[in-house]
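Student: Sharing a structure, written as structure tokens. Questions coming.
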Amino acid sequence: MRQIFSSVAALLLVLGPITVAPQIAYAATPVIVVGTKSAACPDAQSSTIQAAVDAASPGTVIRICPGTYPEQVSITKPLSLRGENGVVIEPSNVVMNTTSTAPGAASLAAIILVKDTTDVDIQDVIVDGTNNGLTACGPDFIGVLYQNASGEVKRVAVRNVKLSPSLNGCQSGSAILIQSGGGGMSVVDVEESSIHDYQKNGITANEVRTEARIENNVVTGVGPTAGAAQNGIQIGFGAEGSISRNSVANHIWSPCMPLESCEFKAVDILVTHSDDVSVEHNVAGVSQTGIDIDIANHAHVADNQVFDTLIFDGIELKGNDNDARDNSITHSDQAGVFIKGNNNDVRRNRINEAAFGVLKIAGFTGNVIRNNDFSNALVSVQDPTGQGSKASPYR
């Protein structure tokens, strides 16, 4: 025993006094539980989501018990909405609750509105527009709207954001919309969500100072429709971001038949008037264009699978300095890849069954078409000297 004590004493002489760090007390994240007090929701503090939002301090987690909540929700402070399995937000008779930041300042009616704030996360809820009660084209109907606001939408289902059949020609009904304006900014991730039965667009990120990362979602259009021409995922009008690992399908505008008569078309993935957007590892099919880079530059379109493109093209590059590489494109009524612009790079794509493997419009320079694999393409590569597909307004 003496030997042990003496060894410890010697060690203390070498190391000096030993101090114990004080324990730091971290404040717990505030939580508000929403639901009807019951055995399934014993800790319920609020019967409505909006009341919980109003009472919440910044950073609060609002935990929502299973059930249907017939309300519109407006959020203007940092917080999280986290649903337990079986939460449905389904308001009756939605009303206008903001105006668009886009030119024209249209009135909007959003089921969930996140405005002028940061760090708002929405997870594991169903947003359902079935009982919206709207009887006219305006206000524009939106499922989830981030407006000059940032955060994350994850594992959310947004469905039935559409008007009555008599109003299906209205340019209304976007499942998720992210927009900025007036010097504000929106930075939003949309992940692992189910988006379907919308009238106009599935996921949209528009306007300068909007940044969106859209990843691992399933976005499904209504199929052939003579109503609004649908787009599955859109980044446009100065917005930035990435579109990756999504499955997008079933966007067909019925009056677009044949190509010469098309005023509009339906697109799975659309990048319009926005530069430097990446579109990678998506599956896009059963539409009138799979991936459309429209009046946009420096887009990177890589490792996508595009199939069953009716009327138009699998991938369209209408701009400058874009690239389409290592894509698999199967069954395009017109071209596997269409080029209208300068210095675009089309390489190592696998194109099976198309009228044209690659169709490049005359009068543009610096385009590289190299090392593509063509099967069952009537013409592998064509750069027409005439007017090409002159009747299409998208050319």
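Student: Per residue of the range 355-365, in order, report the coupling 6.51 cos²θ - 1.76 cosθ + 1.60 (Karplus, θ = phi - 60°) as ³J(HN,Hα) in whole Hz, putting x for Gly and Pro.
Tutor: 5, 10, x, 10, 10, 10, 6, 5, x, 10, 10
Student: Now for a separate question. Take every Cα pair under 8 Å in the chain that's 6+ residues apart, average their separations, divide by the length, and report that relative contact order as a whole percent.
Tutor: For the chain, the relative contact order is 7 percent.
Student: Using unit Cβ charges (K, R positive; D, E negative) and no other charged atoms, how large, in debye to the nearest 20, is the dipole of the chain about its Cα centre?
Tutor: So the magnitude is around 440 debye.
Student: Angle between the Cα long axis of helix 2-15 and the longest principal axis of the chain, 0 to 90 degrees, nearest 10?
Tutor: Its long axis makes an angle of about 60 degrees.
Student: Continuing with this model, one more query. Sequence-distant or interchain residues sharing an amide H contact under 5 Å with Glu240, placed H: which?
Tutor: Thr210, Glu211, Ala212
Student: Taking a probe of 1.4 Å, how large is the accessible area per residue of the chain, in Å²?
Tutor: On a per-residue basis, the chain sits at 43 Å².
Student: Accessible area of the range 313-382 with a 1.4 Å probe: how many percent of it is carbon plus sulfur?
Tutor: Answer for the range 313-382: carbon and sulfur cover 41 percent of the accessible area.
Student: List the residues, sorted by chain then number, that are 5 or more residues from Thr98 or on another chain and whose placed amide H is less than 5 Å from its amide H.
Tutor: Under 5 Å from the amide H of Thr98: Leu108, Ala110.
Student: Shape of the range 272-393 from its Cα gyration tensor (a ≥ b ≥ c, root eigenvalues): rounded if a/c is under 1.5, otherwise prolate when a/b > b/c, or oblate?
Tutor: Rounded.
Student: Over the range 44-203, calculate the relative contact order: mean separation of alpha carbon pairs under 8 Å at least 6 apart, over the residue count, as a percent.
Tutor: Relative CO of the range 44-203 lands at 19 percent.
Student: Okay, next question. How large is ³J(HN,Hα) for each residue in the range 117-132, as worked out from phi by the Karplus curve 6.51 cos²θ - 1.76 cosθ + 1.60 (θ = phi - 60°), to whole Hz, x for Gly and Pro?
Tutor: 7, 10, 6, 10, 10, 10, 9, 6, 10, 9, 10, 10, x, 4, 9, 5
Student: Charges only on Cβ, +1 for Lys and Arg, -1 for Asp and Glu: so what's the dipole of the range 170-212 about the Cα centre, in debye to the nearest 20?
Tutor: It comes to approximately 240 debye.
Student: Note down the nm distance, to one decimal, between modelled labels 7 Å out along Cα→Cβ at Val31 and at Arg155.
Tutor: Modelled inter-label distance: 1.5 nm.
Student: With +1 assigned to the C-beta of every Lys and Arg and -1 to the C-beta of every Asp and Glu, and no other charges, what is the dipole magnitude of the range 122-217 about the Cα centre in debye, to the nearest 20?
Tutor: 240 debye
Student: If you build a Gaussian network model of the chain, linking Cα atoms that sit under 10 Å apart, which residue out of Ala212, Ala44, Ala354 swings the most?
Tutor: Comparing Ala212, Ala44, Ala354 in a Gaussian network model of the chain, the most mobile one is Ala44.
Student: Convert 20 °C to kelvin, take the viscosity as 1.002 mPa s, use the Kirkwood radius over C-alpha pairs of the chain as Rh, and evaluate the Stokes-Einstein diffusion coefficient in µm²/s, rounded to a whole number.
Tutor: My calculation gives 94 µm²/s for D.
Student: In vacuum, with every alpha carbon of the range 143-289 counted as one equal point scatterer, what does the Debye formula give for log10 I(q)/I(0) at q = 0.09, 0.13 Å⁻¹? Two decimals, please.
Tutor: Log10 of I(q)/I(0), two decimals: -0.25, -0.52.
Student: At a 1.4 Å probe radius, which order do Glu280, Glu240 fall into by accessible area, largest first?
Tutor: Glu240, Glu280
Student: Right, next: Could you check which residue among Asp268, Asp119, Asp128 shows the biggest mean-square fluctuation in a GNM of the chain with a 10 Å Cα cutoff?
Tutor: Asp119
Student: Using θ = phi - 60° and the Karplus relation 6.51 cos²θ - 1.76 cosθ + 1.60, list the HN-Hα couplings for the range 53-65 in order, rounded to whole Hz, with x at every Gly or Pro.
Tutor: Whole-Hz 3J(HN,Hα) from phi for the range 53-65: 4, 4, 7, 6, 8, x, x, 5, 9, 9, 9, 10, 6.
Student: Separate question: Restricted to Cα positions, what overall size does the range 101-225 have along the principal axes? Three whole-Å values, descending.
Tutor: Answer, in whole Å and largest first: 37, 32, 23 Å.
Student: Here is a follow-up. If you average 1/r across every pair of different Cα atoms in the range 28-110 and take the reciprocal, what Kirkwood value do you get, in Å?
Tutor: 13.9 Å
Student: Find the all-direction average of the projected area of the Cα convex hull for the range 314-368, expressing the result in square nanometres with one decimal place.
Tutor: 3.1 nm²
Student: Follow-up. Can you list the cysteines of the chain that have no other Cys Cβ under 4.7 Å away?
Tutor: By the Cβ distance rule, which asks for a partner under 4.7 Å, no cysteine is left isolated.
Student: Determine how large the accessible area of Leu163 is when every protein chain is in place; take a 1.4 Å probe and give Å² rounded to the nearest 10.
Tutor: Rounded to the nearest 10, that gives 10 Å².
Student: Would you please give the residues with an amide H less than 5 Å from that of Asp345, counting only those at least 5 places away or on a separate chain, with H modeled from the backbone geometry?
Tutor: Asn322, Asp323, Ala324, Val368
Student: Then there's this: For the range 196-251, report the % of Cα-Cα distances exceeding 14 Å.
Tutor: It works out to 52 percent of all Cα pairs.
Student: Now for a different question. Compare Ile369, Ile315, Ile295 by solvent-accessible area with a 1.4 Å probe and give them largest first, with all protein chains kept in place.
Tutor: Most to least solvent-accessible, the answer reads Ile295, Ile369, Ile315.
Student: While we're here: Which one of Ser92, Thr204, Asn352 is farthest out on the positive end of the charge dipole of the chain, using unit charges on Cβ (Lys, Arg +1; Asp, Glu -1) and the Cα centre as origin?
Tutor: Ser92
Student: Could I ask something else about it? Per DSSP helix of 4 or more residues, -39500 (n - 2.57); summed, then divided by the residues of the chain. What does that give at 222 nm, rounded to the nearest 500?
Tutor: When only DSSP H runs of four or more count, the value is -1500 deg cm²/dmol.
Student: Oh, and also: Within the accessible area of the range 14-161, what % is carbon and sulfur when the probe is 1.4 Å and the other protein chains stay in place?
Tutor: In the range 14-161, the share of accessible area belonging to carbon and sulfur is 55 percent.
Student: Among residues other than Lys154 whose Cβ falls under 13 Å from its Cβ, what is the net charge (Lys/Arg +1, Asp/Glu -1)?
Tutor: -4
Student: Picking from Gly184, Gly138, Ile369, whose Cα lies most toward the positive end of the charge dipole for the chain (charges on Cβ: Lys, Arg +1; Asp, Glu -1)?
Tutor: Final value for the positive-end residue is Gly184.
Student: Summarise the accessible area of the range 182-292 (1.4 Å probe, protein heavy atoms) by the percent that is carbon and sulfur.
Tutor: Of all accessible area on the range 182-292, carbon and sulfur atoms account for 52 percent.
Student: Can you compute the FRET efficiency between Ser74 and Glu263 using 1/(1 + (r/R0)^6), with r the Cβ-Cβ distance and R0 = 41 Å? Round to the nearest 0.05.
Tutor: 0.65
The values are calculated or read from the model by the stated rules, or taken from the named source; none is laboratory data. If you're wondering where the values come from, they're calculated on a predicted model, not measured in any experiment. Positions of Cβ are backbone-derived with ideal geometry, glycine not excepted, and every protein chain shown enters the neighbour counts. We work out accessible area using only protein heavy atoms, side chains counted, and drop any ligands, DNA or RNA first. Shrake-Rupley method; radii C 1.70, N 1.55, O 1.52, S 1.80 Å.
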